[in-house]
């Protein structure tokens with residue numbers, strides 16, 4: 001009994017994990033501001049069209065395709081804490097350029113290319129941080145604590161998603177979108193401070209440094225592609241990311257397009273409206289955190305991964321089916337009108353968030369557990385290259401489809417494609433996994 005109690009309490013008593021968790025919580029909350037404010041800056045301040053919004057997403061995510069595999073090698077050869085701290089400081093500094101440009105009154109002169117550049121360099125630094133972040137956790141906690149660790153980290157992200165968009169939407173309506181990005185910039189500095197306080201001795205494998213970069217990249221690709229479980233998870237996640245990014249790239253423009261072509265929200269209210277919808281829907285993420293490990297224990301890790309991907313893909317359907325969000329209100333909350341269309345979108349996104357969180361907690365824990373520690377950086381970089389490499393293509397595709405087919409048709413195509421992403425894991429050995437297996441050798 002004492003051993004069981006100790007195991008349950010150890011993770012929250014692990015000071016290094018708590019510092020990592022604190023850092024991520026701060027950063028996740030701040031990111032809710034940029035996630036909403038950056039595209040709104042493009043739409044409201046710079047009058048961006050569908051294609052330009054797609055290019056903006058493309059610019060911020062193309063670094064995964066260009067540098068993802070090389071960064072995995074770099075991470076395995078260098079101190080991970082230093083990489084994460086440096087990345088956060090630089091991201092905060094670059095993001096701060098947007099509110100500075102707005103205050104100086106030059107943001108309209110710099111135009112949309114300025115946002116492309118900021119998005120690209122922030123995305124480049126995010127590659128370093130994200131690969132390092134997922135490779136760092138297994139060195140701070142025991143293998144049997146990975147699911148708990150990922151669940152706790154996901155809980156902070158989910159809490160930020162619940163509270164962040166509403167607060168961000170209100171703040172944006174008061175101080176404007178570009179100025180609100182300053183909050184995210186400050187959050188990166190605070191996050192870097194928390195990370196810098198982690199006291200953990202990192203051991204760099206000297207043998208890794210002797211190998212060529214190409215040999216390391218090949219080994220990372222080999223680890224992922226030779227294992228059908230990892231390979232099919234990459235296919236499923238990459239497909240989902242492609243179509244969900246196509247949707248996300250144009251959804252805020254879809255909000256402000258007059259009904260019936262769009263959802264008919266005014267530009268002055270789009271930040272608050274989208275923020276409230278995303279916040280209410282994000283409560284599903286907290287539900288996902290609460291049930292992620294229970295679902296895996298009840299039906300097995302594999303069925304949990306397959307089922308959650310299926311559920312997550314279906315939740316966006318109300319976007320396509322809904323009409324105006326401003327007509328025939330059912331009730332009013334704090335001066336904000338709510339109708340059936342808005343409730344349907346909230347409900348669908350609520351389901352999506354449950355599926356996404358249950359899927360991510362279980363598939364990331366599976367990946368971290370079955371791959372040796374020395375290969376974590378290259379494995380994570382390879383996985384991110386494969387699954388995040390589809391994001392810039394999805395963003396560009398969404399923008400172009402919106403331009404040539406219309407936003408509602410583009411939304412429908414994105415939803416249909418995303419709903420089929422579960423087939424990868426359904427038609428793989430993943431579906432039969434009852435529990436996380438032993439590490440690969």
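The values are calculated or read from the model by the stated rules, or taken from the named source; none is laboratory data. What you see is a predicted model, and the numbers here were worked out from it, not measured in a lab. All Cβ positions, even for glycine, are placed from backbone atoms using ideal geometry, and neighbour counts span all protein chains on display.
Assorted remarks:
- In segment 281-316, the residues that are within 18 Å of residue 239 (Cα to Cα) and either out of contact with any helix residue (DSSP H, G or I) (no Cβ under 6 Å at 6 or more places or on another chain) or not in a helix (DSSP H, G or I) (or both): 307, 310, 315, 316
- Any chance residue 32 is buried (at least 24 other Cβ atoms within 10 Å of the Cβ) and either on the phi > 0 side of the Ramachandran plot or touching a helix residue (DSSP H, G or I) at 6+ places or on another chain (Cβ under 8 Å) (or both): yes
- Test: residue 327 is in contact (Cβ under 8 Å) with a residue 40 or more places away in the chain, on the phi < 0 side of the Ramachandran plot and over 23 Å from the mean Cα position of the chain (by Cα): yes
- Only a single criterion out of (1) part of a helix (DSSP H, G or I); (2) without any contact (Cβ under 8 Å) to a residue 40 or more places away in the chain is not satisfied by residue 92, namely (2).
- Residue check, residue 413 out of contact with any strand residue (DSSP E or B) (no Cβ under 7 Å at 6 or more places or on another chain) and not in a helix (DSSP H, G or I): no
- Filter pass, residue 347 being under 23 Å from the mean Cα position of the chain (by Cα), surrounded by fewer than 16 Cβ atoms within 10 Å (Cβ to Cβ) and closer than 21 Å to residue 162 by Cα: yes
- Put simply, of 373, 386 the only residue that is under 30 Å from residue 434 (Cα atoms) and buried (at least 23 other Cβ atoms within 10 Å of the Cβ) is 386.
- Of the set (1) within 29 Å of residue 44 (Cβ to Cβ); (2) crowded, with 20+ Cβ neighbours inside 10 Å, all apply to residue 117 but (2).
- In summary, helices (runs of 4 or more DSSP H) completely within segment 131-237 and bearing 3 or more residues that are more than 22 Å from residue 373 (Cα to Cα), modelled with pLDDT of 75 or more and touching a helix residue (DSSP H, G or I) at 6+ places or on another chain (Cβ under 7 Å) occur at 146-175, 177-196.
- When we screen 412, 417, 406 for residues that are at positive phi, at pLDDT 90 or above and surrounded by fewer than 24 Cβ atoms within 10 Å (Cβ to Cβ), the only hit is 406.
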